[in-house]
Amino acid sequence: MEIVSDIWVNWFEGEENSYNVCEFFEWRKHDFIELLDQIPLIKVEKPLLEYIENDLQDLPQELLKDVRNRSVICKNNQREIIEYCFIATDGERCIVADTLGYAIPVRKSRLIPRQESLILQKAEKMLVETYPFPSAGLRKKEYHLLSLRPEWMIGLTRKERQLKQLLFMALDQLHSSGNVEEMRYWYTEWFPTKYTESRNMTFDDAWQGLISGMRQGWSEKHNDICERMIRGQSYFEKLWELEHGTKVQ
């Protein structure tokens, strides 16, 4: 383990999928960006790095013990200790994590390119720290409509990823309604040439067809359906406005 200084971070809180911990080129002015005065750097095995990146489960106790109270941030000209905060690398990529005093990586950040390059150079001379963790090799991460598969996000911008998650949140709500006519309606909105076929579809058949049709990529069609599905739902409309900067029409 080493201690490194003056590290810029952009905290993404409560994210269990690495695609939502945005790379530097996707950072925005209103993001939660901080400068850490110092922070420990640890080199770990690849499975543990992936576990930190793609989960919100307990971190190894030995890791937490090693990094405890070693991070410092300066606020209002006063140095503040951060209890469990660290940079983890497998020698190929990096992730910054802060547990906010808990045992899980509540906040995560990428590094700016210059600092990431320096960290990876340091990692070449570091030994790998082995931290056993209960889920290693035993637990396969489960994805669902509120935690979409990474392959469904490939090639999308930050805005598109956020809107796609919003669309699937609306789809999850549609599914929970159990209304077959409503499900058939949205199916034909997505597949307008299949109106006659949809009239005889079961709820589950229409549902599976809708998910299958929408899961790949992002397009104007996705955008239009998303806007229409969330109309009149204040929470969803606020999320839409955050990404588009305009109200739902």
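Considering region 89-121 alone, what residues qualify as being over 17 Å from residue 13 (Cα atoms), among the small types (Gly, Ala, Ser) and touching a strand residue (DSSP E or B) at 6+ places or on another chain (Cβ under 9 Å)?
Within region 89-121, just 91 meets the criteria.
So which residues in region 86-101 are open to solvent by 20 Å² or more (accessible area, probe 1.4 Å) and of a type in the set (D, E, K, R), if there are any at all?
90, 92, 93 - these are the residues of region 86-101 that are open to solvent by 20 Å² or more (accessible area, probe 1.4 Å) and of a type in the set (D, E, K, R).
Give the residues of region 190-229 that are without any contact (Cβ under 8 Å) to a residue 40 or more places away in the chain, under 29 Å from the mean Cα position of the chain (by Cα) and in a loop (DSSP other than H, G, I, E, B), sorted by residue number.
If the condition is that a residue be without any contact (Cβ under 8 Å) to a residue 40 or more places away in the chain, under 29 Å from the mean Cα position of the chain (by Cα) and in a loop (DSSP other than H, G, I, E, B), then 219 is the only one that fits.
Of everything in region 20-50, what is free of Cβ contacts under 8 Å to residues at least 40 places away in the same chain, part of a loop (DSSP other than H, G, I, E, B) and not charged (D, E, K, R)? Give them in sequence order.
27, 30
Filter region 194-216 down to residues that are open to solvent by less than 90 Å² (accessible area, probe 1.4 Å) and more than 22 Å from residue 164 (Cα to Cα), then give me how many there are.
Summing the residues that are open to solvent by less than 90 Å² (accessible area, probe 1.4 Å) and more than 22 Å from residue 164 (Cα to Cα) in region 194-216 gives 6.
For residue 236, state whether it is modelled with pLDDT under 95, crowded, with 18+ Cβ neighbours inside 10 Å and closer than 26 Å to residue 18 by Cα.
yes
Kindly list the number of the only condition in (1) open to solvent by less than 10 Å² (accessible area, probe 1.4 Å); (2) β-branched (Val, Ile, Thr); (3) within 22 Å of the chain's Cα centre (by Cα) that fails for residue 104.
It fails just one condition, (1).
Please name all residue pairs, on different chains or six or more residues apart, with Cβ atoms under 7 Å, provided the first residue is in region 52-69 and is at positive phi and without any contact (Cβ under 8 Å) to a residue 40 or more places away in the chain and the second residue is surrounded by fewer than 16 Cβ atoms within 10 Å (Cβ to Cβ) and not aliphatic (A, V, I, L, M).
69/83
The values are calculated or read from the model by the stated rules, or taken from the named source; none is laboratory data. Because the structure is a prediction, the values reported are computed rather than measured. Virtual Cβ from ideal backbone geometry, glycine too; neighbours counted across all protein chains shown. Just so you know, the surface numbers come from the protein's heavy atoms only, side chains and all, with ligands and any DNA or RNA stripped out. Shrake-Rupley method; radii C 1.70, N 1.55, O 1.52, S 1.80 Å.
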